[in-house]
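Worksheet: the structure to be examined is printed underneath.
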Amino acid sequence: MAIDESLIERTAHLLNRARYLNLATARDGAPWAATLEYAWFAGPLRFVFGSSTGARHSGDIRADPRVSGSLFVTGGGAGVAIASVDGAQFTGRCTEIGPERLEEYHAPFYETVFPDAGQRARWQLPPERLWGSAPHRLYRVDVERWWLIDTRHWEEDRIDRRIELPLDAGVQARLSAHAPVRAVSR
């Protein structure tokens, strides 16, 4: 099946422009959503975010690693035109990044979240403060499914739909070409 190249371009635009992702978790039937800064990695598509081990979503992830989420961008300004809004939803599995993989993700995550070197020096936690008994972690979401807003049909009938972009090897390779962060191994 041929993939519409515009879906890959839109995905890359979203991944590179959205500042935050919304992550949904659940435990014992109680849903929760957290808004998080992130870095993305391609080949396969992954998100990395930092959080306290005591945060509700962190506890939810320890109990059940299945997550879903969304990201969106707007053209900004007052009276935003609907054509300048875009978004995606995803599902995946989330885990803490252990000390054996921390070095792979540590610098790229902080360079993405704090592009200014001065801010990064002020806020970046050293790797040893992200594992063991430390109260913070980096987490990785391995994205399993990805949907974009179906903007073309919405303009015609105002019905909110999604288009799934299959994350097969070909799509993953084309996304890698847009990744600002050097891909690391699984």
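The values are calculated or read from the model by the stated rules, or taken from the named source; none is laboratory data. Predicted model, so just to flag it, every value in this text is computed and none were measured. As a convention, Cβ positions derive from the backbone with ideal geometry for all residues, glycine included, and neighbour counts pool all protein chains shown.
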> Just one of Leu175, Leu102 is hydrophobic (A, V, I, L, M, F, W, C), closer than 15 Å to Arg46 by Cα and modelled with pLDDT under 95; which is it?
Replying inline: Leu175
> Looking at segment 83-99, which of the residues that are modelled with pLDDT of 95 or more, surrounded by 14 or more Cβ atoms within 10 Å (Cβ to Cβ) and not β-branched (Val, Ile, Thr) is nearest to Leu130 (Cα to Cα)?
Replying inline: Glu96
>> Going by what's in this entry, would Ala117 be described as surrounded by 14 or more Cβ atoms within 10 Å (Cβ to Cβ), over 16 Å from Tyr139 (Cβ atoms) and at pLDDT 95 or above?
In response: no
> Can we say Gly118 is out of contact with any Pro (no Cβ under 6 Å at 6 or more places or on another chain) and free of Cβ contacts under 8 Å to residues at least 60 places away in the same chain?
Replying inline: yes
> Which of the residues belonging to segment 124-169 are surrounded by 12 or more Cβ atoms within 10 Å (Cβ to Cβ), part of a helix (DSSP H, G or I) and either touching a Phe, Trp or Tyr at 6+ places or on another chain (Cβ under 7 Å) or not aromatic (Phe, Trp, Tyr) (or both)?
Replying inline: Pro127, Arg129, Thr151, His153
> Does segment 32-54 hold any residues that are free of Cβ contacts under 8 Å to residues at least 60 places away in the same chain and either surrounded by 19 or more Cβ atoms within 10 Å (Cβ to Cβ) or in contact with a helix residue (DSSP H, G or I) (Cβ under 9 Å, 6 or more places away or on another chain) (or both), and which are they?
Replying inline: Trp32, Ala33, Ala34, Leu36
> For segment 3-31, what are the residues that are surrounded by 21 or more Cβ atoms within 10 Å (Cβ to Cβ) and either within 23 Å of Phe114 (Cα to Cα) or of a type in the set (Phe, Trp, Tyr) (or both)?
Replying inline: Thr11, Leu14, Leu15, Leu21, Leu23
>> Looking only at segment 55-72, count every residue that is at pLDDT below 95 and surrounded by 18 or more Cβ atoms within 10 Å (Cβ to Cβ) and tell me the total.
In response: 0
